[in-house]
Amino acid sequence: MHPDDRPRRTFAVISHPDAGKSTLTEALALHARVIAEAGAVHGKAGRRGTVSDWMEIERARGISISSAALQFAYRDHVVNLVDTPGHADFSEDTYRVLAAVDSAVMLIDAAKGLEPQTLKLFQVCAHRGLPVITVINKWDRPGLDALALMDEIETRIGLKPTPLTWPVGIAGDFHGVLDRRDGDFIRYTRTAGGATRAPEEHLPAAQASREVGADWHDAVEASDLLAADGADHDQDLFLAGQTTPVLFASALLNFGVAQLLDVLLDLAPAPGPNLAEDGVARCPEDEFSAYVFKVQAGMDAAHRDRVAFARVCSGVFERGMVVTHAQTGRPFATKYAKAVFGRDRAAIDTALPGDIIGLINATALRVGDTIYDGAPVTYPRVPSFAPEHFATARALDAGRYKQFRRGIEQLDQEGVVQVLRSEVRGDQAPVLAAVGPMQFEVAAARMAAEFNAPIHLEKLAYTLAQRTSEDHAPHLAGTPGVEVLRRSDGEQLALFPDKWRLDSVRRQHPELLLEPLPASST
Ligand code: G4P
């Protein structure tokens, strides 16, 4: 089959829970033609979405812990929306998803402004140099002042907002937007419940001035103020991660959604070269290579299997091709490549750079692995992030130790939790480490349901981990309040109850190696 070689855009939406990510996903699907929807669009439990049902806690909380990608066509492009976990708790999954995209859409609730999760996620984008497009959502409801929101973005995250559109009407009275690029008025019209594409008209400024009056003039005035403040879009600064184009929208009413799609196509970067471990970049037109950013087992009852999600970095993927697994050097057959979204799957035949492929039963593949065809390439792994929560895990039933060990090993490989061990604690009670506490719930639920080895978790009083060396480990291990454990990637981690204990050890023993882990604030 001839590959669909339309240009690609691959992005993720980052937001605090309830900002409207699921609603926006549905609205995007309404505007575009979904290629690999395979069922309904991802949504909350009880809504029309198909949330994978492999775990009860997902259902109970109305969240989805599994990530996949939605592919759709818009204008002459193919757009990949990579799903990020939508829960308040912070997990490593989100970081990894951001390693698979070329840009991010930061969705902000107009009434709430920046929220903790948005700030944290934004820091990860900044760290990775990902260009960010900001969408102020829920403008149909009372909210904060638009200029105040711009100010908040600039002062709290240090990114200069450059609005492309400006709302006509305050939050709660949304008529449309002033398109700052051409000065036109884009008027939106409500449809019942936002169930169909909202009609929009483009009116020249003079007509808007006559028909809208005061709200239009306020928008023009605000836009002039922004221009005087240098808040106009600059493509180079946007790509360099210094500015963020801003759009105003109502995902629920489908207002501003077409503008977002246009911006993704016109301004967001296309898949580019990827730097390999040897420092050499692989270009999209080179031979096939892909990077595994997520591995998930038991996604639902109907398909009890293990799916490795990989982003195509270069070349053309064709289902059935035999590629090489960089980490083992072994051949890897791709007969079962699928597009996976929610619980349904559709076989995919070809994929291009930027596309996400789901490799079913890819037991050899781990998060961070590379597969390639032709000249060998290995992409650097996304670093494991600094855990802030620690708990020991024990098998509730000592007779099921074998299952317990297998389960812990699997969760470790998938990156559900990090697993730390020491001779003192022994293999019966490894320490699980997580960025957010919900990772423990996920681990416990899966140990019981999938591996038939329920566990007892006991929280430990540590809150931060530092990297140390083999030589310094014994000294640190003998320090009161400090414990040293080995992570499965070989790193020696020293755990501290708090920053004060760490500071005091640092003061007393400046010779000891104590380094922060990636994304740690310490
Ligand atoms: P999330 O995935 O980011 O967690 O958010 P989600 O889309 O589920 O939206 C959270 C709530 O905000 C939903 O209401 C949704 O309808 C509402 N919402 C999303 N976008 C907009 C918008 O542009 N305008 C308005 N007014 N509301 C919006 P809910 O009551 O929790 O759910 P539902 O029962 O209404 O579906």
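The values are calculated or read from the model by the stated rules, or taken from the named source; none is laboratory data. Model, not experiment: these values are computed from the prediction. As a convention, Cβ positions derive from the backbone with ideal geometry for all residues, glycine included, and neighbour counts pool all protein chains shown. These accessible areas exclude ligands, DNA and RNA; they are computed on the full protein's heavy atoms, side chains included. Shrake-Rupley method; radii C 1.70, N 1.55, O 1.52, S 1.80 Å.
Of all residues in the stretch 131-147, those satisfying the criterion of being open to solvent by 50 Å² or more (accessible area, probe 1.4 Å) and either without any contact (Cβ under 8 Å) to a residue 40 or more places away in the chain or not hydrophobic (A, V, I, L, M, F, W, C) (or both) are 141, 142, 144, 145. If you go through the stretch 402-440 and pick out every residue that is more than 20 Å from the chain's Cα centre (by Cα) and open to solvent by 10 Å² or more (accessible area, probe 1.4 Å), you end up with 14.
Residues in the stretch 238-258 that are modelled with pLDDT of 95 or more and in a helix (DSSP H, G or I) were compared, and the one that is least open to solvent (accessible area, probe 1.4 Å) is 238.
For the stretch 218-260, the tally of residues that are within 16 Å of the ligand (Cβ to nearest atom), within 21 Å of residue 101 (Cα to Cα) and either in contact with a helix residue (DSSP H, G or I) (Cβ under 8 Å, 6 or more places away or on another chain) or hydrophobic (A, V, I, L, M, F, W, C) (or both) stands at 5. Scanning the stretch 225-237 for residues that are open to solvent by 10 Å² or more (accessible area, probe 1.4 Å) and in a loop (DSSP other than H, G, I, E, B) returns 229, 230, 232, 233, 234.
Do we find a residue being crowded, with 17+ Cβ neighbours inside 10 Å and at pLDDT 95 or above anywhere in the stretch 357-371? Yes. Is there a residue being within 12 Å of the chain's Cα centre (by Cα), within 16 Å of the ligand (Cβ to nearest atom) and without any contact (Cβ under 8 Å) to a residue 40 or more places away in the chain anywhere in the stretch 110-126? Scanning the stretch 110-126 turns up at least one residue that is within 12 Å of the chain's Cα centre (by Cα), within 16 Å of the ligand (Cβ to nearest atom) and without any contact (Cβ under 8 Å) to a residue 40 or more places away in the chain. For residue 161, which of the numbered conditions (1) in contact with a Pro (Cβ under 9 Å, 6 or more places away or on another chain); (2) at pLDDT below 95 fails to hold? Unmet condition: (2).
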